[in-house]
Amino acid sequence: MKTIIIATNNKGKVREFEQFFAKYAIKVKSLADIRKKIRIEETGSTFRENALIKARTVCKALKKPVLADDSGLEVAILNNQPGVYSARYAGENSNDYLNNQKLLYMLRGVPFKLRKARFVCALALVYPKGKEIVVEGTCEGYILEEMRGKNGFGYDPLFYVPALNKTFAELTEEEKMKISHRGRALEELEKVLENDEDSGRK
């Protein structure tokens, strides 16, 4: 596997995948690099289901191995919202800033100890011949009352990791990948690929 298609247009996610696959000399391409317009309907109720939907759809269209990520934030006191709606929490045309502002509004008056949250990432790797691999990773933390840090994307400025005394947005990309939900999911994927004949690594 010399090239892998990542089923996303999210530049932040693409950077993290490029960092991971660079050590294996695998080139990463995103949907932004593909001229063919592919319609993906994320109708799943879980991160796992949506990751598979994206990977299957793009793999079928391009006839190439595709890795899809579906990830988001679950806040315990909000019944695990925003969950699979993390990217569009503030509406279909929302952005990171609006999503963060809505989250702060929903948690107004909630004390720190009750602001527990976790990031979840499901990765689905689908091959043209039908083989599918799905792994997941999580990272536990808390939601702050104000945004901190200028790195990362999404809810990173609000997601605080007590052990580091930093938000995700205050970490370097390397630091974040060591503990993040996506980093841990990639670690699980790496274990599977070590013994996967289709990956070309065995």
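The values are calculated or read from the model by the stated rules, or taken from the named source; none is laboratory data. These figures come from a predicted structure and were not determined experimentally. Using ideal geometry, Cβ is built from the backbone for each residue, glycine included, and neighbour counts are taken over all protein chains shown.
Is it the case that segment 43-59 has a residue that's of a type in the set (S, T, N, Q) and under 22 Å from Asp156 (Cβ atoms)?
Yes.
Taking only segment 18-31 into account, find how many residues are surrounded by fewer than 17 Cβ atoms within 10 Å (Cβ to Cβ), in a helix (DSSP H, G or I) and touching a residue at least 12 places away in the same chain (Cβ under 8 Å).
Number satisfying all stated conditions: 1.
Please verify whether segment 72-84 includes one or more residues that are over 18 Å from the mean Cα position of the chain (by Cα) and at pLDDT below 95.
Taking every residue of segment 72-84 in turn, none turns out to be over 18 Å from the mean Cα position of the chain (by Cα) and at pLDDT below 95.
For the condition closer than 27 Å to Ala169 by Cβ, of a type in the set (Lys, Arg) and in contact with a Ser or Thr (Cβ under 7 Å, 6 or more places away or on another chain), what is the one hit in Arg108, Arg118?
Of Arg108, Arg118, the one residue that is closer than 27 Å to Ala169 by Cβ, of a type in the set (Lys, Arg) and in contact with a Ser or Thr (Cβ under 7 Å, 6 or more places away or on another chain) is Arg118.
What pairs can you find where one residue is in segment 169-197 and without any contact (Cβ under 8 Å) to a residue 60 or more places away in the chain and on the phi < 0 side of the Ramachandran plot, the other is among the small types (Gly, Ala, Ser) and assigned to a loop (DSSP other than H, G, I, E, B), and their Cβ atoms are less than 6 Å apart, with a gap of 6+ or different chains?
Partner pairs satisfying both residue conditions: Ala169/Gly149; Ala169/Gly152; Glu170/Gly149.
I'd like the residue in segment 32-64 that is in a helix (DSSP H, G or I) and modelled with pLDDT under 90 and, out of all such residues, is farthest from Lys2 (Cα to Cα).
So, considering only residues that are in a helix (DSSP H, G or I) and modelled with pLDDT under 90, the one farthest from Lys2 (Cα to Cα) is Ala32.
Given the conditions (1) farther than 22 Å from Pro128 by Cα; (2) touching a strand residue (DSSP E or B) at 6+ places or on another chain (Cβ under 6 Å); (3) not acidic (Asp, Glu), report the number of the one that Val58 does not fulfil.
It is condition (1) that Val58 fails.
Considering only segment 148-197, state which residues are small (Gly, Ala, Ser), over 30 Å from Lys2 (Cα atoms) and surrounded by 15 or more Cβ atoms within 10 Å (Cβ to Cβ).
Within segment 148-197, Gly149, Ala169 qualify.
Which residues, counting only those in segment 65-93, are among the β-branched types (Val, Ile, Thr) and assigned to a helix (DSSP H, G or I)?
Those that are among the β-branched types (Val, Ile, Thr) and assigned to a helix (DSSP H, G or I): Ile77, Val84.
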